[in-house]
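Student: Sharing a structure here in structure tokens format.
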Amino acid sequence: MSSEISSRKIDLSAKKISAGWPKIGYSNDSQVVDFYRREAGSTKDRHSMFYGKKLADIFIYAMAIGKNFGIKEGYQSPVTKNRNDNIDFEYIASNSEYFWMMIAVAMDEAKKNNEDVLEIFDNPREKIIDVCESYANYGIKLLIELDKKGSTADPLFGYEEKFIGILEQND
């Protein structure tokens, strides 16, 4: 495998990989759009699970939950013309953990599909962003459900409790 990698001469520097990547999108489903808009305002609310966060953070949380459960039918990545490209990729690219999480998710997906893992770098829009959006579009539905069940006495504790329940449910 190492001879295969060296013969392809792919530049794996973060700047090279992310050059020209577009904004991240999410489903145009009205419930999803409303959630992202509301949470964008909630990032300044000290009682919000997303206090001090950005939409990119919410996207990554949703992607992680979706990845934990797997892509479900009906939550595939939105068609390019029916998407909300509102999540700035620059924030994700500047956060190396998020950036490499997205790449790892796409590599795992390629491996599951018996594809050449390195080909994800040939077309990041299709091979990395779309895969991550697919997982996030499922995970955001779970975050929306979690939000509906949040504790009124201590919203953050309610989120944490339900979030752990969701993760344990899939084990």
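Each value in this text was obtained by applying a stated rule to the coordinates, not by laboratory testing. Just so it is clear, the model here is predicted, and its values are computed rather than measured. Don't worry about glycine lacking a Cβ; one is built from the backbone with ideal geometry, like all the others, and counts go over all protein chains shown.
Student: Would you list Met102, Met63 from fewest to most Cβ contacts within 10 Å?
Tutor: Met63, Met102
Student: How would you rank Glu109, Glu133, Glu119, Glu90, going from fewest to most other Cβ atoms within 10 Å of each one's own Cβ?
Tutor: Result, fewest neighbours first: Glu90, Glu119, Glu109, Glu133.
Student: How high is the FRET efficiency from Phe69 to Ala19, r the C-beta distance, R0 41 Å, rounded to 0.05?
Tutor: 0.80
Student: Using the basic label-point model (7 angstrom from Cα toward the beta carbon), what is the Asn95 to Leu118 distance in nanometres?
Tutor: If labels sit at Asn95 and Leu118, their model points lie 3.0 nm apart.
Student: Quick one: order Leu142, Leu118 by neighbouring beta-carbon count within 10 Å, fewest to most.
Tutor: If I rank by nearby Cβ atoms, fewest first, I get Leu118, Leu142.
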